[in-house]
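Here is the structure we will look at, set down as structure tokens.
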Amino acid sequence: EDQVTQSPEALRLQEGESSSLNCSYTVSGLRGLFWYRQDPGKGPEFLFTLYSAGEEKEKERLKATLTKKESFLHITAPKPEDSATYLCAVGETNSGGSNYKLTFGKGTLLTVNP
Amino acid sequence: ETGVTQSPTHLIKTRGQQVTLRCSSQSGHNTVSWYQQALGQGPQFIFQYYREEENGRGNFPPRFSGLQFPNYSSELNVNALELDDSALYLCASSLYGSGNTIYFGEGSWLTVV
């Protein structure tokens with residue numbers, strides 16, 4: 001059974017203090033590693049998809065990287081508006097090849113203080 | 001904004017009742033999935049619909065059922081509601097195929113009392 005573990009559960013940073021969130025996974029065949037941002041009471045907002053070890057993607061102050069067993073979400077010089085829960089998920093395809101199921105971790109609650 | 005819309009946004013039901021949640025997928029998307037998210041947890045996959053048929057199902061009992069319509073919109077029905085069904089129900093849409101991004105709506109908050 002696919003498993004996704006995120007750490008830390010919660011992270012409090014000062015504005016401008018860079019850090020990383022971790023997502024480790026065990027999956028029989030990775031079909032994509034997804035990062036989402038979720039604000040309180042809202043649905044997850046798509047950030048990145050990574051497909052192969054060594055791949056990196058960036059968006060503003062966020063950079064996601066992927067190895068064979070884990071992914072990191074690096075946050076450079078965060079601002080208070082980056083405060084949210086960050087969710088990691090692994091994708092699984094069915095016999096037809098469609099991304100049909102995401103298995104999520106519990107998320108990391110990031111708080112950035114001004 | 002993803003273009004995935006859900007209704008209602010909030011509702012309260014009594015244990016044993018039935019509920020229907022609705023979702024309009026993003027324009028151009030032909031696949032709809034439903035997820036349940038309990039407080040403090042990540043979303044859990046309920047099922048996916050493609051071409052108006054169930055295309056995969058998670059570990060949820062048969063009282064969770066769904067429909068997809070020709071315009072790709074979808075419904076989630078839950079019968080015999082239990083207290084543990086209280087959660088945020090998320091609809092997600094995508095194009096059928098490997099590697100396609102899955103976009104979520106804002107969700108429907110269900111409280112069972």
| said: I'm trying to understand the selection: among the residues of segment A:35-45, which are modelled with pLDDT of 95 or more and surrounded by 15 or more Cβ atoms within 10 Å (Cβ to Cβ)? | reply: A:W35, A:Y36, A:R37, A:Q38, A:G43, A:P44, A:E45
| field | Scan of segment A:56-71 for residues that are of a type in the set (G, A, S) and either in contact with a Gly (Cβ under 6 Å, 6 or more places away or on another chain) or part of a loop (DSSP other than H, G, I, E, B) (or both), ordered by number | value | none
| field | B:L81 vs. criteria out of contact with any Asp or Glu (no Cβ under 6 Å at 6 or more places or on another chain) and in contact (Cβ under 8 Å) with a residue 12 or more places away in the chain | value | yes
| request: Considering only segment B:3-46, give the strands (runs of 3 or more DSSP E) lying wholly within it that have at least 1 residues that are at pLDDT below 95 and at negative phi. | output: B:31-37
| message | One residue is enough: does segment B:44-53 have a residue meeting the conditions aromatic (F, W, Y), exposed (fewer than 15 other Cβ atoms within 10 Å of the Cβ) and farther than 21 Å from A:G41 by Cα? | response | no
| In segment A:18-32, which residues are out of contact with any Leu (no Cβ under 8 Å at 6 or more places or on another chain), in a loop (DSSP other than H, G, I, E, B) and either surrounded by 18 or more Cβ atoms within 10 Å (Cβ to Cβ) or at pLDDT below 95 (or both)? | A:V27, A:S28, A:G29, A:L30, A:R31
| task | Please determine, by comparing only the residues of segment B:55-92 that are among the hydroxyl-bearing types (S, T, Y) and closer than 22 Å to A:F46 by Cα, which one is nearest to the chain's Cα centre (by Cα). | result | B:Y89
| field | Those residues of segment B:71-113 which are open to solvent by 50 Å² or more (accessible area, probe 1.4 Å) and within 16 Å of B:A38 (Cα to Cα), in sequence order | value | B:E82, B:L83, B:D84, B:E106, B:W109, B:T111, B:V113
| message | Here is a list: A:A53, A:A77. Which entry is more than 12 Å from chain B (Cβ to nearest Cβ), open to solvent by 50 Å² or more (accessible area, probe 1.4 Å) and part of a loop (DSSP other than H, G, I, E, B)? | response | A:A53
| task | Consider B:G56 carefully, then state whether it is within 9 Å of chain A (Cβ to nearest Cβ), modelled with pLDDT under 95, assigned to a loop (DSSP other than H, G, I, E, B) and open to solvent by less than 80 Å² (accessible area, probe 1.4 Å). | result | no
| Do the conditions hold for A:E15, that is, is it open to solvent by 60 Å² or more (accessible area, probe 1.4 Å), within 14 Å of chain B (Cβ to nearest Cβ), in contact with a strand residue (DSSP E or B) (Cβ under 7 Å, 6 or more places away or on another chain) and not aromatic (F, W, Y)? | no
| query | Here are some residues: A:Y86, A:Y100. Which one is free of Cβ contacts under 8 Å to residues at least 60 places away in the same chain and crowded, with 19+ Cβ neighbours inside 10 Å? | reply | A:Y100
| query | If a residue has to be of a type in the set (G, A, S), part of a strand (DSSP E or B) and more than 14 Å from chain A (Cβ to nearest Cβ) to count, how many in segment B:59-73 make the cut? | reply | 1
| field | Considering residues of segment A:89-114 that are within 7 Å of chain B (Cβ to nearest Cβ) and outside any strand (DSSP E or B) only, the residue modelled with the lowest pLDDT | value | A:G97
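The values are calculated or read from the model by the stated rules, or taken from the named source; none is laboratory data. Everything quoted here is computed from the prediction, not taken from an experiment. FYI the Cβ positions are ideal-geometry reconstructions off the backbone, even for glycines, and counts take in every protein chain you see. Heavy atoms of the whole protein, side chains included, go into the accessibility calculation; ligands, DNA and RNA do not. Shrake-Rupley method; radii C 1.70, N 1.55, O 1.52, S 1.80 Å.
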